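The values are calculated or read from the model by the stated rules, or taken from the named source; none is laboratory data. This structure is a prediction, so every number in the text was calculated from the model and none was measured. All Cβ positions, even for glycine, are placed from backbone atoms using ideal geometry, and neighbour counts span all protein chains on display. With ligands, DNA and RNA removed, areas are computed over all heavy atoms of the protein, side chains included. Shrake-Rupley method; radii C 1.70, N 1.55, O 1.52, S 1.80 Å.
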Amino acid sequence: MSLPSVLSFLQSCNPAILQSGGVREAGPLDAIDGVQPRALVEPDSPEMLAELLACSSRERLSIVLRGGGTKLGWGGRPAGIDLIVSTRRLNRVLAHAHGDLTATVEAGATLGDVNRELARHHQWLPLDTSFDGSTIGGMIATNESGPVRHRHGTPRDLLIGIRLATTDGLLVNAGGRVVKNVAGYDLGRLMSGSFGSLAAIVSATFKLAPLPPASTTLVATFRDRQAMAQAVSAVGSSQLEPAAFDLHVAHESGPAPHLTLLIRFATTAAAIDAQIDDARRLLAADHIDLVTGAHESELWRDHARRLWTAAGAVVRVGWPPAALEGVLALVERIGREGASAIELVGRAGVGAGSVRVSGDTTTQVRAVEHLRAQRDVIGNVVVLRADLAVKERADVWGPPGDAVALLRAVKTALDPAGILNAGRGPV
Amino acid sequence: MDERLLSEFVRICGADGVLHEPLQLLTYECDALPHLRMLPALVVLPASASQVQAVVRLCNRAGMPFVARGHGTGLSGGALPVAGGVVIALSRLNRVLDVDLANRQVTVEPGVTNLEITRRVAPDGYYYAPDPSSQQVCSIGGNVAENSGGAHCLKYGFTVHHVLAFDAVLPDGEIVHLGSPMADTPGPDLVGLFVGSEGTLGIATKIVVRIVRRPESVQTLLAAFDSIDAAGGAVSAIIAEGIIPSAVEMMDRLAIQAAEAAVHPGFPSVDAILIVELDGPAAEVRSLFQIVEETCRRQGATGIEIAADDQQRARIWKGRKAAFAAMGRVSPNYYVQDGVVPRTRLPEVLRRIRTLEARSGLRIGNVFHAGDGNLHPLICYDERVPGQGDRAVEVAAEILSYCIEAGGSITGEHGVGADKTESMGKMFTAGDLEVMQRVRAAFDPRKLCNPGKIFPAPRLCGEVPGTYRQRPVEQAGSAERF
């Protein structure tokens with residue numbers, strides 16, 4: 001579809017879309033995996049977003065939904081994109097019911113902006129992202145999570161209500177504004193991990209957490225993977241209640257791997273001290289550092305970005321927490337077999353993380369295959385970021401499970417014309 | 001019922017796994033919401049996932065609707081049979097299949113009781129967190145269907161936060177694996193959709209749940225207040241301190257009296273009590289518990305009792321968890337309502353309930369999860385008094401309308417079931433429900449899987465809402481209610 005025909009399509013759909021000033025021709029920076037969209041549309045109201053989806057569905061225009069654009073490279077190569085529909089202008093915090101510990105925010109609001117607003121009442125939406133500018137809608141759609149997942153879970157765990165725009169132009173609510181509610185289907189959770197393939201997220205309501213009174217991070221380094229795995233097992237079966245329990249493993253040019261645990265305690269000062277004392281006794285670490293204040297914030301910011309600021313493919317993986325030693329062995333083996341660098345950042349207690357592997361295309365593709373080969377040790381291997389050459393050879397989403405027909409039926413029920421996210425997956 | 005069809009069910013589940021005599025069926029005509037009853041055509045008791053699958057396939061072939069049932073403790077008629085349909089009772093699927101302490105996971109069949117999981121792992125210092133009051137008898141399969149909560153979900157979340165994966169027999173008889181024992185299953189969160197779908201999207205046959213390490217320390221206090229308002233104020237003040245207790249429960253005078261009469265927990269005779277429990281690392285609990293105690297006093301607590309040990313704590317919880325059943329001591333019949341309001345709107349909604357109580361002439365006891373605004377008004381009535389049963393249903397519905405007006409929900413944990421389908425239209429638009437129905441149809445295009453639940457349907461011709469009264473022909477077991 002050419003730009004003039006896109007414009008005439010928008011004109012016939014609703015002239016207000018063009019008048020709102022939220023339409024521009026897409027440029028090379030808007031391309032996803034080399035697929036060039038025609039135009040970018042930024043609706044300035046939920047109604048306009050819903051109407052745009054309905055018109056696009058009738059005309060079978062292919063759409064990719066975009067929040068902050070920080071994770072657009074995740075997923076398969078788009079089959080074709082007519083419009084990028086951005087939620088950038090739907091970015092308000094609609095309500096912060098601090099007495100109820102809930103907030104309703106629009107999909108295009110960034111996590112950073114939301115949390116700055118919530119902090120005025122010493123509360124926060126306890127999620128973290130690896131990217132500046134991640135939006136709430138994008139975080140739900142990808143179910144992106146980080147270190148605080150250990151205590152607070154992923155976006156789907158905090159979501160209590162959602163508003164969606166469907167491809168037939170409805171604005172639909174599910175859930176509500178109260179933390180406890182089992183009325184009707186949980187469409188919010190259905191959107192979690194959907195990558196914008198089923199409907200557009202307009203706004204969402206979350207349960208919040210109070211900001212912790214104090215925080216300290218214990219950084220422990222280990223000489224070998226056995227020692228690290230033992231430490232993880234000891235903390236996991238202890239009564240310590242860290243706010244985050246992360247690991248970082250890197251094999252670079254040198255012979256010795258870098259093995260670090262980061263354990264964050266965020267509670268009253270007395271409870272932090274007591275737990276750090278207990279943790280020291282549990283960890284047979286080579287070296288232990290305590291980090292607090294501005295250094296601590298910096299430490300975690302660097303940790304969250306580590307995989308994304310270096311080159312190579314980033315692959316999401318899950319593992320049984322007790323299989324960590326096997327995971328570390330596999331990572332080490334991939335490192336020995338030609339990767340110029342490989343590192344793993346993840347949640348030690350949950351068994352969730354991402355692997356970055358750099359090297360030539362073949363090395364990266366083989367690394368993905370290796371990660372998929374030991375299914376009792378590592379599972380749910382999904383290629384997040386990779387060059388197109390790698391994506392074309394490594395199956396981005398991995399083998400579909402036996403629910404694939406069911407997922408297709410759900411997709412057909414919500415997006416019968418197949419306009420959303422065509423080719424990128426997961427449905 | 002057609003003899004040939006019957007013999008096919010017998011071939012799948014064995015002669016002792018198929019019930020079809022009216023007297024046998026009576027046990028299954030309702031769940032724990034006794035005013036809705038329906039005799040099914042047949043009850044089957046499969047003993048394996050493949051038998052469940054075969055039964056569902058046969059139901060599809062015969063075009064018979066089916067309803068899965070756990071242990072029948074549901075309070076919304078979610079397991080209410082469908083006329084002419086099959087009840088698939090999962091009580092024989094009751095094995096604990098795997099306990100994996102290293103990964104903090106337990107794999108169970110749906111008929112295992114909630115408390116059984118904790119019993120298995122307690123010696124090793126673990127427990128299963130969701131704790132509905134019926135946890136001694138309710139089944140995990142039922143918990144999955146209803147997304148059950150409990151007193152401690154304020155801190156620990158609901159069933160959906162503790163189920164990692166399950167096998168499900170879909171409405172067409174296919175078996176699928178949803179979720180994964182490992183983190184981050186790719187794609188839309190079908191586990192999250194299925195949990196709480198009240199048995200309308202399929203039947204879970206093997207469930208992997210997360211278990212949690214026992215906290216280092218638990219502290220419980222019971223605070224007495226002169227008014228519900230003062231107790232409500234204390235709840236808000238605790239939260240405003242930035243403290244998330246593991247449980248905050250409130251009971252009013254009538255509920256306290258009932259609990260005293262039934263299990264003698266030694267509750268004070270006051271207008272309201274608050275039970276607050278904190279758990280976590282000892283040093284954290286110590287300092288926060290002090291703040292909670294001070295806050296209660298500042299908000300006007302007339303007395304505070306702190307549980308000195310696990311025995312005292314158990315006694316307090318026994319009084320709280322027995323509260324529903326205890327209403328039987330103070331009233332011949334009672335109706336348990338389940339509504340939610342934003343926590344800050346609690347005092348206002350409770351005042352409206354008080355006014356309604358005076359106006360209706362029916363006593364209303366209040367037991368609720370105050371921390372998350374989940375109300376459980378217990379509406380007392382006497383079914384022998386003409387009109388009182390209907391009045392109780394009206395009062396219950398009016399309380400729900402207060403909840404909706406306050407921005408809350410028509411159900412926090414009991415489910416919509418068959419009981420509240422007509423209230424769904426007050427909380428959701430026709431468009432909201434239409435999209436949910438599309439999702440349902442993707443799972444169950446033939447509408448055979450627990451039909452008549454969750455979504456409003458046009459009332460049958462001549463049917464009048466109200467509490468159920470058995471007709472003589474039904475009492476004799478010779479007729480079903482359609």
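Annotations
- Sparsely packed loop sites in the range A:337-397 (the GluC sites (Glu not before Pro) outside DSSP H, G, I, E and B with at most 16 other Cβ atoms within 10 Å) comprise A:337.
- Each part gets one Cα centre, and for the range A:1-62 versus the range A:204-270 those centres are 45 Å apart.
- Portion, in percent, of the accessible area of chain A that falls on carbon or sulfur, probe 1.4 Å: 49
- Net +/- balance of residues flanking residue A:217 in space, Cβ distance below 14 Å, scoring K and R +1, D and E -1: -3
- Accessible-area value, residue A:333, 1.4 Å probe, nucleic acids and ligands omitted, Å²: 90
- For the pair A and B, the buried accessible area comes to roughly 6000 Å² in total, with a 1.4 Å probe and the value rounded to the nearest 100.
- Taking amide H atoms as placed 1.01 Å from N in the peptide plane, the amide H of residue B:33 lies under 5 Å from those of B:77, each 5 or more residues away in sequence or on another chain.
- Residue B:21 versus residue B:397: modelled label distance in nm, points set 7 Å from Cα along the beta carbon direction: 4.0
- Amide H contacts under 5 Å for residue A:102, placed H, 5+ residues apart: A:97, A:208
- Only protein heavy atoms count here; under a 1.4 Å probe, residue A:142 has an accessible surface of about 10 Å².
- Backbone geometry of the range A:273-289 corresponds, through the Karplus equation with coefficients 6.51, -1.76 and 1.60 at θ = phi - 60°, to 3J(HN,Hα) couplings of 4, 4, 6, 5, 4, 4, 5, 4, 5, 7, 8, 8, 9, 5, 8, 10, 10 Hz, x marking Gly and Pro.
- Solvent-accessible area assigned to carbon and sulfur over chain B amounts to 51 percent, based on a 1.4 Å probe.
- In the context of the full set of protein chains, the protein assembly as shown has a per residue accessible area of 36 Å² (1.4 Å probe).
- Accessible area in the full protein assembly, largest first, 1.4 Å probe, for A:319, B:317: B:317, A:319
- Estimated vicinal HN-Hα couplings, Hz - the range B:390-401 in sequence order (Karplus 6.51, -1.76, 1.60; Gly, Pro = x): 5, 4, 4, 5, 5, 4, 4, 5, 5, 4, 4, 5
- Cα-Cα separations in the range B:83-123 greater than 14 Å, expressed as whole percent: 53
- Annotation: residue A:298 carries an accessible surface of approximately 90 Å², with a 1.4 Å probe and no ligand, DNA or RNA atoms counted.
- Under a 5 Å amide H cut-off, with hydrogens placed 1.01 Å from N, residue A:65 pairs with A:85, A:421 among residues at least 5 apart or on other chains.
- Taken about its Cα centre, chain A carries a charge dipole of roughly 520 debye when the Cβ of each Lys and Arg holds +1 and the Cβ of each Asp and Glu holds -1.
- Karplus-derived 3J(HN,Hα), 6.51/-1.76/1.60, for each residue of the range A:41-53, Hz, glycine and proline x: 10, 10, x, 9, 8, x, 4, 5, 4, 5, 5, 4, 5
- Cβ-defined net charge surrounding residue B:15, 13 Å radius [Lys, Arg +1; Asp, Glu -1]: -2
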